[in-house]
Amino acid sequence: MLDQQPILEVEDVSKSFGGVQALKSGSFKLSRGEVIAIIGANGAGKSSLIKIVAGVYKPDKGHITIKDTVIDPMHHNVGYMRQMGIEVVYQDLAIVPNMTAPYNLFLGRIPRKFGIFVDERKMRKKTEEVLAELKVKTVQSLSRPISEMSGGQQQSIAIGRAIAWGKEIVILDEPTAALGPNETKEVERVVHEIKDRGTAVILISHNLEQVFRLADRILVVHHGITSKEFQKTEVTIDELVKAITLG
Ligand SMILES: Nc1ncnc2c1ncn2[C@@H]1O[C@H](COP(=O)(O)OP(=O)(O)OP(=O)(O)O)[C@@H](O)[C@H]1O
Ligand SMILES: [Mg+2]
């Protein structure tokens, strides 16, 4: 069941870089456990919109509200947005290939015993819990570099990292763009899994079939404006293609 009270509300945000208006007006709402897909042509402004939500860019105007807190522009940065419960999983850059899965999961949060020794047991235990929660089966030992796992498993661990620390909103920017069909299936399964546990997901994808498999709602960005919004059940692929090209 979707919670009616939005966990995130984005109202009329914009962003210019010099003379280029990357985003003219972006607005949308997101509820707990809801997956919203953001679609649009190349250069439409999708990444700019989610980078504002992630705190990478400060908006030139507009407001963002997370769980009833209006974000003060003074605090609008990545660290603060993470603290507010937002995590981003990028298409690449999401993991460090030569490190193990536990080290990847604890990136930037390595626990120490007596303030000195890395608490590997704790890291391993937590990693096993997260993998079990997401039902990710790995044949490789957790002491091997993560690069020895499949791309789908690696990306699943990157998503696991977001939920392991209680993040309530996960942004996925083209999460399967670099993956084959089986790996894509595995990541899509994990997206369903985190949705079921109440995490809200913002998914940027150019793959409209994937959008239909994962999203509850679909937001179209056209020439820097969030021009249309559809319930997945009320729209066809043809109508989406039309909205992407014509706004
Ligand atoms: N940091 C920046 N400096 C200057 N221009 C930028 C910057 N970021 C984005 N733009 C411009 O703003 C517009 C929107 O870019 P954005 O990356 O948001 O599009 P997108 O919808 O994510 O596209 P794609 O599907 O190709 O990833 C583009 O014209 C882009 O060139
Ligand atoms: Mg983009």
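Read-outs: derived from the displayed coordinates by stated rules, not from any lab. Predicted model, so just to flag it, every value in this text is computed and none were measured. As a convention, Cβ positions derive from the backbone with ideal geometry for all residues, glycine included, and neighbour counts pool all protein chains shown.
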### Task
May I ask you to compute the full-extension gain from Arg197 to Lys67, defined as 0.36 nm times their residue separation minus their alpha-carbon distance, rounded to one decimal in nm?
45.1 nm
## Note on the structure
With the 8 Å Cα cutoff and a minimum separation of six or more residues, the range 6-246 has a relative contact order in percent of 28
### Message
Relative contact order of the range 104-244, please, whole-number percent, based on alpha carbon pairs below 8 angstrom and at least 6 residues apart.
### Response
17
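Can you give the helix-only mean residue ellipticity at 222 nm for the chain, where every DSSP H stretch with n ≥ 4 adds -39500 (n - 2.57) and the sum goes over all residues, rounded to the nearest 500 deg cm²/dmol? Intermediate values should be presented prior to the final figure.
Values: 8 runs with 81 residues, N = 247.
Per the formula, -9500 deg cm²/dmol.
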### Task
Quick one: Debye curve from the alpha-carbon atoms of the chain only, equal weights, vacuum; give me log10 I(q)/I(0) at q = 0.07, 0.09, 0.12, 0.13 Å⁻¹ to two decimals.
-0.24, -0.40, -0.70, -0.81
### Query
Mind checking which of Ile38, Ile204, Ile116 has the largest fluctuation in a GNM of the chain, springs on alpha carbons under 10 Å?
Ile116
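When DSSP assigns beta bridges and you keep just the ones with both residues in the range 6-246, what percent turn out antiparallel, to the nearest 5?
Looking only at bridges with both residues in the range 6-246, the antiparallel portion is about 55 percent.
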### Query
Dipole of the chain, Cα-centred, from +1 at each Lys and Arg C-beta and -1 at each Asp and Glu C-beta, to the nearest 20 debye?
740
#### Entry: Pairwise FRET efficiency - Glu11 versus Lys242, Cβ, R0 = 25 Å, nearest 0.05
0.45
### Summary
Percent relative contact order for the range 1-101, counting Cα pairs under 8 Å at least six residues apart, stands at 27
### Message
How charged is the neighbourhood of Asn98? Take every other residue with its Cβ under 12 Å from the Cβ of Asn98, and add Lys/Arg as +1 and Asp/Glu as -1.
### Response
0
## Note on the structure
Neighbours of Gln83 by Cβ distance under 15 Å: Lys/Arg at +1, Asp/Glu at -1, summed charge +1
### Message
Taking 22 Å as R0, compute the FRET efficiency from the Cβ-Cβ separation of Arg124 and Ser150 and round it to 0.05.
### Response
0.65
### Summary
Candidates Ala158, Ala178, Ala54; GNM for the chain (alpha-carbon contacts under 10 Å) flags as most fluctuating Ala178
### Message
Below 16 Å, Cα to Cα, which lysines can Lys58 reach? Residues fewer than 8 away in the same chain don't count.
### Response
Lys15, Lys24, Lys46
